[in-house]
2 protein chains.
Amino acid sequence: VTGKGLSGRPSPGALFGAATRGDRRALGRLVSMIERGGEAARAVGRLSFPRSGQAFTLGITGAPGAGKSTLTDGLVGVLRATGLMAGVLAVDPSSPFSGGAILGDRVRMQSHALDSGVFIRSMATRGHIGGLALAVPEALRLLDAVGFEQLLVETVGVGQVELDVAGATDTTVVVVTPGWGDSVQANKAGLMEIADVFVVNKADRPGAGAARRDLEAMLDLSNLEGWRPPVIEAVAEDGQGVAEVWDAVMAHRDRLAGPALQERRRHRLERELDRIILRRIDERVGDRRGQPAYVAVVEEMASRRVDPYEAADRLLEVAAGG
Amino acid sequence: VTGKGLSGRPSPGALFGAATRGDRRALGRLVSMIERGGEAARAVGRLSFPRSGQAFTLGITGAPGAGKSTLTDGLVGVLRATGLMAGVLAVDPSSPFSGGAILGDRVRMQSHALDSGVFIRSMATRGHIGGLALAVPEALRLLDAVGFEQLLVETVGVGQVELDVAGATDTTVVVVTPGWGDSVQANKAGLMEIADVFVVNKADRPGAGAARRDLEAMLDLSNLEGWRPPVIEAVAEDGQGVAEVWDAVMAHRDRLAGPALQERRRHRLERELDRIILRRIDERVGDRRGQPAYVAVVEEMASRRVDPYEAADRLLEVAAGG
């Protein structure tokens, strides 16, 4: 990498050029810049954005222990057989309690470590609002811009953050295991909203058929428009069903192609825009702390004269007036 | 309940009066109003806020299956022996995958179902930004205002939402189990930030001592100011250690009493204020959709001429100008 800035460190532009020429270390540093946010991240974004928009993006989500990493590993194998370049982001937005799982799983992905057509990277939350939800699409555009044609994003769980991340891809695979339905009662609808393809993984275990029928019954009851998510049984560890999952993903991609895909991507950009606006305003709210109007209204809350909602209205009036 | 509104349904004011006189059904309806948000929720908040600020609030959090409900149940038993009124909120901000767990655990809490000094209520996410993080403190103030002196909030996991919820209490208990450390690698620091008391539950299982030493070692390495969280072994199911946990909670409360507690509560109100401001602005951003400036900038993004960050800046300029 040449083209160092005044600080002696390579500039985003120099790193971007190197990454385009296949320098994986430069690419890793650009992803780190995106994770950290700030001006360098903006510079990476400005370089990536106009060059992106070609890659197909696939999200893979599900509960911890469902075998997402193994399935992702298998899918990378299938798509590498086609000669396409594959980028994988492993995203863990979850709690300290599950923080280790995805790191442990990374080891498995090492089967592609020597393949120069595969780039694998973990991304972790930085704690601030929408951090990952903003960094993931930016990282996807970067990988897209430097030449990766197939992008896979693996996330743990399907809470709000995961839904946001899953919303950043063209197609979403939801992975469940036999028996999953026993512990899930009220919120199955959340899965219906994001899944384009269902995988019942570890299908050699008892209850796989029941899990499949359960999903099919849910789909029967859902108000599906056009595409009905197929439910595929797999044993990713042995490679069973992995090719079928990939075929289903490709079928969904073909179905999406054209106006539907453009519409989906446009909608995704809108949500990203909303999120950025929210973040910007959040920063402004943060800046407001310590200023006289803020301190005064907090004092009134502490003495129970003004409740937080009224306090918010007052500060927003001040902001609108300024 | 008397004092019905024009709609024939009881007004928040009438329900609040009834709840203050011990009507649990009225109290439950008020919590539902808070969950739904909107004008009725605001009315409940206006009634509660000036009458709140007396109750001691305790958060109990940890991974699914750590035995939080059983411990909570035991703590309620201990504090009921003192004659104090106890309110319990069971909060599940988590994904569809774990959605059922807390509902199942509710059954156990039935041991207090006939005790008129205990009110138990589950709260679920409504999906919108900060929904639970806003509803939980509002519900705590309601319970406080109608006479509950000890409030317990049980949450699953310690992701961002759980951290927000945990931040809504005076004292936080983090529950782990033997072997928990094996699956947690990078993010233990997140636990250190929120825990005032650690409980190693199911301590009759192998590895309890190791889990305890692990926590103590983490505490040795942490930059603690003043209070060092005690680590207590418990077998909540048999009642073992529950009284010790309660003693530790009381010790922390006593330590907090006075200026430190006031400071903590003031800081909490500030964070709530920030969250409300953010929500309000989020609603305004939502309103902006479909307007000409928004549609135009989305079009420019879709054609890759303007990236999302630049688009956000443009719209915020428009907003600041209007």
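The values are calculated or read from the model by the stated rules, or taken from the named source; none is laboratory data. It should be emphasised that the depicted structure is a prediction, and the values quoted were computed from it without experimental measurement. Here the Cβ is made from the backbone with ideal geometry for all residues, glycine too, and neighbour counts use every protein chain on show. To get the accessible areas, we keep the full protein, side chains included, count just its heavy atoms, and leave off ligands, DNA and RNA. Shrake-Rupley method; radii C 1.70, N 1.55, O 1.52, S 1.80 Å.
Observations on the structure shown:
- Meets criteria (part of a loop (DSSP other than H, G, I, E, B), more than 7 Å from every other protein chain (Cβ to nearest Cβ) and open to solvent by less than 20 Å² (accessible area, probe 1.4 Å)) for A:VAL297: no
- Criterion violated by A:MET85 - all others in (1) in contact with a helix residue (DSSP H, G or I) (Cβ under 8 Å, 6 or more places away or on another chain); (2) modelled with pLDDT of 90 or more satisfied: (1)
- Residue within the range A:305-313 that is more than 9 Å from chain B (Cβ to nearest Cβ), out of contact with any strand residue (DSSP E or B) (no Cβ under 8 Å at 6 or more places or on another chain) and open to solvent by 20 Å² or more (accessible area, probe 1.4 Å) present: no
- Considering the range B:58-78, the residues that are assigned to a strand (DSSP E or B) and of a type in the set (A, V, I, L, M, F, W, C) include one that is farthest from B:VAL118 (Cα to Cα), namely B:ILE60.
- Meets criteria (under 28 Å from A:ARG205 (Cβ atoms), at pLDDT 90 or above and of a type in the set (D, E, K, R)) for A:ASP73: yes
- With respect to the conditions (1) open to solvent by 40 Å² or more (accessible area, probe 1.4 Å); (2) farther than 28 Å from A:GLU193 by Cβ; (3) within 13 Å of chain A (Cβ to nearest Cβ); (4) in contact (Cβ under 8 Å) with a residue 40 or more places away in the chain, B:PRO64 falls short on a single one, namely (2).
- Extreme residue, nearest to the chain's Cα centre (by Cα), among residues of the range B:9-55 that are within 14 Å of chain A (Cβ to nearest Cβ) and among the β-branched types (Val, Ile, Thr): B:ILE34
- Apart from one condition, A:SER11 fits all of (1) at pLDDT below 90; (2) in contact with a Gly (Cβ under 6 Å, 6 or more places away or on another chain); the exception is (1).
- Any chance B:THR177 is touching a Lys or Arg at 6+ places or on another chain (Cβ under 6 Å) and at pLDDT 70 or above: yes
- Among the residues of the range B:251-296, the ones that are within 30 Å of B:VAL173 (Cα to Cα) and among the small types (Gly, Ala, Ser) come to 4 in all.
- Helices (runs of 4 or more DSSP H) wholly inside the range B:183-291 containing at least 1 residues that are within 14 Å of chain A (Cβ to nearest Cβ) and either surrounded by 20 or more Cβ atoms within 10 Å (Cβ to Cβ) or not charged (D, E, K, R) (or both): B:188-194, B:208-221, B:259-288
- So A:GLY100, is it modelled with pLDDT of 75 or more and touching a helix residue (DSSP H, G or I) at 6+ places or on another chain (Cβ under 9 Å): no
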